[in-house]
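The values are calculated or read from the model by the stated rules, or taken from the named source; none is laboratory data. None of these values were measured; they are calculated from a predicted model. Neighbour counts run over all protein chains shown; Cβ positions are idealised from the backbone, glycine included. The accessibility values were calculated without ligands, DNA or RNA, using every heavy atom of the protein model including side chains. Shrake-Rupley method; radii C 1.70, N 1.55, O 1.52, S 1.80 Å.
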Amino acid sequence: MDKFIEFEHIVKTFPGQKALDDVSFSIRKGEIHAIIGENGAGKSTLLNILHGVFPATSGEIRIEGKPAKFSNIADAIDFGIAKVHQEIVSIPDMTVAENMFMGKEPGRFGIIDKQKMNADTAELLKRLNCDFRPTDRMGDLSAGQKQMIAIAKALEVNAQVISFDEPTASLSDKEVETLFGIMHELKNAGITILYISHKMNEIFRMCDRSTVLRDGKFIRTIEMDKTTRDEVVQAMVGRDISLFAKRTMPCQKRGSTPVLQVKNLSGGMFKNVSFDLYPGEILGFFGLVGAGRTEVMRAIFGADPRTSGQVFLNGKEIHCKLPNDAIKQGIALISENRKEEGIMPNFNNMDNMALASMEKYMSGFVINSAKKNANAKDKGTQVGLKPNDPEFMTVSLSGGNAQKVILARWMSTDASVMIFDEPTKGIDIGAKSEIYLLMEKMAEKGIAIIMVSSELTEIMGMSDRILVMREGEISGELMKEEFSEERILNYTVEEDV
Ligand SMILES: Nc1ncnc2c1ncn2[C@@H]1O[C@H](COP(=O)(O)OP(=O)(O)OP(=O)(O)O)[C@@H](O)[C@H]1O
Ligand SMILES: [Mg+2]
């Protein structure tokens, strides 16, 4: 069926914001249809309307020709339309099974049948190749594992339409493969899939068609086997993006003395990590998800304890026991879990951005709001924040734009060592190139940058030097002239014996 789901003249206005502006297109039954576009383009908003999270301001959605208007998510689920959200909400003290069946525990006479709940959950987890148990605590799971639970939840309701909002952002390669296998299974079973992602290779690999939104407007629907990557990017951003993930300025480093020296650092998931970091260089940290890169960075930053080893900043030994110590020393860590670790819900953009650099805005004992505002405006421009309004409430931003606020927060600290953990995760392609340029500008000013990334093109394009980690240890170092995909990947896996 060519017009299984029809979006007809959909408009959504938020106070002071038009998120969707007369969007019309349709989805075929049984296809995998991507919704793509830059941060804030309206992708999540469109799905939220379909799933009954909130109503459209005007316009109509029809499913199989009949108007479909749900007043909440549960209504949509009853109709066979399920959603895997962009942000996973869970209660840390609940077990996996309790979380799966939240609000609808199976059992007769209102008594919760724990055994059945656990057995049903175990079956779903098995289908998804998950390596955790129904009785595990939610709080002990990784972001990727929580994402798998969200997927299990959608499968559990036997939906005819499932939509995924950036499902792979926090999944390991293995989990991504499992998810893609499941998506193929669902498609073969005739289920229709809507798929939001910023990852071009996923969209080309998995989707039949994609619909491009830009600034809330429908641009076009593209058949994936009749297009090119460049054409899709052009449709998304409305301009040519050149110099994508390519270091353009020369590195300043050689011959200088290191700003940061890490010697035989060990901790929970890593051991004997040693490296030097020079002013003006971008040092890439590559490895598979779980190789221990994030843990090393957190230990340097004082967010996690270390068991042995030393860290020197400008030749002087430091031991940051808390992130605050690190910030005072001029070390910033832009964490991978930017949303979880960072946004104050009752703060607007300028207050969220000011959190790590308060002393900059003090005039005597009072906070100078004008300074805070000016800083927010400036950093907002640098990260390509939309809308770049210091007074805008951060929680109302799109997912990717909220991430940019956290980037802006750490850029406001004027640190001399900036550690970026997956800096472009969830960030659209246009803003990506802005962030790359920004990192280069920082490096040019002599700031030393560590970039943890799982994206090969990004790590090869942006780094001056790459360290590879495997199972908690540094397994290789490559200078720029030695970079090759094969060499890097070789260091991530066990050597032949
Ligand atoms: N609750 C809200 N209140 C006010 N504005 C909102 C609200 N939710 C979304 N918006 C605005 O609507 C626009 C579209 O947001 P949406 O979340 O749909 O973007 P998106 O395409 O999903 O982006 P991303 O790739 O960053 O997730 C944005 O400009 C955003 O600021
Ligand atoms: Mg979104």
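Brief remarks on what is shown
- Accessible area expressed per residue, the chain, with surrounding protein chains retained (probe 1.4 Å, Å²): 45
- Rolling a 1.4 Å probe over the protein heavy atoms of the chain, with every protein chain left in place, gives an accessible area that is 51 percent carbon and sulfur.
- Kirkwood hydrodynamic radius (C-alpha pairs) into Stokes-Einstein, the chain, 10 °C and 1.306 mPa s, D in µm²/s: 66
- Here is the list for region 284-389: trypsin sites (Lys or Arg not before Pro) lying in DSSP coil, each with at most 12 other C-beta atoms within 10 angstrom of its C-beta, are Lys321.
- Taking all protein chains together and a 1.4 Å probe, the residues Thr57, Thr45 rank Thr57, Thr45 from largest to smallest accessible area.
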